[in-house]
Amino acid sequence: MNFGSVCSGIEAASVAWHPLGYRAAWLAEIEAFPAAVLAHHYPEVPNLGDMTKIATEVLTGTVAAPDVLVGGTPCQAFSVAGMRAGLQDARGKLTIEFVRLADAIDHVRTARGEQSAITVWENVPGVLSDRGNAFGCFLGALAGEDCELQPSGKRWTDAGCVYGPKRAIAWRVLDAQYFGLAQRRRRVFVVASAREGFDPASVLFEREGVRRDTPPRREKREVPTVCPTLRAGGNSTGGDRPPGTDVDTADSLIVCHGTQDPCTSTTTAFALGRNSGGENAVCAFTQNSRSEVRQINGDGQIVGALAAEAGAQQQNYIACRELAQTITSNYGKQVDNSDTALGPNVVASTSAVRRLTPTECERLQGFPDGYTLVPYRNKEAADGPRYKALGNSMAVPVMRWIGERIALVASAQMQEVA
């Protein structure tokens, strides 16, 4: 199958789907750095730029009407990291432009006697609770209803189906941590199509025995097999090390979360990891530019010192985490200390505290090492644009699973027709 991609970013869909035999007919990205990444990796695929113009170009025959349309329209209008203005935000209105493009593609394909396209859309779970019912408007337009759809409760559920006069639609919230990544990243995925015999629910929903989002089977306080950045391959000194490795050795690499930016703060920043099997965590602690290593319990109380005297209880500690939190587009920037949910993922190598590197963030999203290290503005890309592009992207393994499921269901549908 061939596909068209809008709001392409750094093109997780191509990385995920090319090994499956899918080929991109065209891409659409307007931001400068992601466009440079696309030009570097996919020079033969046209970047159409502004997605709002593509529907007209499809109808006039100047742009191909592909088998699959995929895109993650901007999430800032629905995210807690943005103003949550929903469809009142110009970026939020692109959800409706996405539907207009899907309609144009199906119109051309139907006129040619071809099967309708399969549509894949991605966004943050915040769209399900948008105050203006943006998700209901999106579903209604995609299904071919003449009004917005309403949820059965106060908000839209994390999974569901709609069968309208124009398309069948299924949606489901998927978390990247259940697809082999060491990152908690929940996103809502929508699959829709007017193709006869193609049920999107068969793509996103599985029998209970083979579901991918089964909760991890760990007892409370059980030590994870390997620390998250290590599992993603990110050890600054080379080679994987188990979480039992002492934090004050050169080989250790520990992932956690701090309430302040460790690279700019002169007050408090820290990284946590498990010790050699006990219930306490090891903490690389920085205060007023002086690094110390301490042991703390799950409540953030200092219970021992490895490189300094034990001190009084410190505020703003949080317990060791097995997985990195969601990488955001503002990852490389100073963080508002009042909102710990948006703090950086940091690591400790010996007693030094640092951010994850762009390469480690590439691994946490499932991209090859150095994927975003491309020529940009006549020099090698800086870290800032790479962090932003990775934070805005989709998780590659999740997209690969969706691509595999689409191919499986489409193949079964074609066999039934035959």
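Close Cβ contacts (under 7 Å, 6 or more residues apart or on different chains) running from residues in segment 19-31 that are assigned by TED's automatic domain parsing to the domain that holds Gly403 to residues that are among the β-branched types (Val, Ile, Thr) and assigned to a loop (DSSP other than H, G, I, E, B) comprise Ala24/Val45; Trp26/Val45; Trp26/Val63; Leu27/Val45. Within segment 113-169, if we keep just the residues that are surrounded by 20 or more Cβ atoms within 10 Å (Cβ to Cβ) and hydroxyl-bearing (Ser, Thr, Tyr), the residue that is farthest from Glu11 (Cα to Cα) turns out to be Ser116. Summed over segment 147-179, the residues that are more than 25 Å from Val68 (Cα to Cα) and in contact (Cβ under 8 Å) with a residue 60 or more places away in the chain give a count of 1.
Could you tell me whether segment 144-152 includes any residue that is more than 22 Å from the chain's Cα centre (by Cα) and part of a helix (DSSP H, G or I)?
The answer is no, given that none of the residues of segment 144-152 is more than 22 Å from the chain's Cα centre (by Cα) and part of a helix (DSSP H, G or I).
The requirement of being touching a strand residue (DSSP E or B) at 6+ places or on another chain (Cβ under 8 Å), over 13 Å from Val99 (Cβ atoms) and of a type in the set (A, V, I, L, M, F, W, C) is not satisfied by Ala117. Note on segment 186-201: among residues that are assigned to a strand (DSSP E or B) and among the charged types (D, E, K, R), the one that is surrounded by the most Cβ atoms within 10 Å (Cβ to Cβ) is Arg187.
Take the conditions surrounded by fewer than 17 Cβ atoms within 10 Å (Cβ to Cβ), over 18 Å from Gly403 (Cβ atoms) and polar (S, T, N, Q) and apply them to Gln183. Does it pass?
no
Conditions tested, residue by residue: (1) modelled with pLDDT under 90; (2) closer than 25 Å to Phe179 by Cβ; (3) outside any loop (DSSP other than H, G, I, E, B); (4) touching a Lys or Arg at 6+ places or on another chain (Cβ under 9 Å).
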position: Arg354; (1), (2), (3), (4): yes, no, yes, no
position: Glu360; (1), (2), (3), (4): yes, yes, yes, no
position: Leu373; (1), (2), (3), (4): no, yes, no, yes
position: Pro385; (1), (2), (3), (4): no, no, yes, no
position: Val398; (1), (2), (3), (4): no, yes, yes, yes
position: Glu404; (1), (2), (3), (4): no, yes, yes, no
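The values are calculated or read from the model by the stated rules, or taken from the named source; none is laboratory data. Note that the structure is a prediction, hence the values are computed from the model and not measured. Methodologically, a virtual Cβ is constructed for each residue, glycine included, from the backbone with ideal geometry; neighbour enumeration extends over all protein chains shown.
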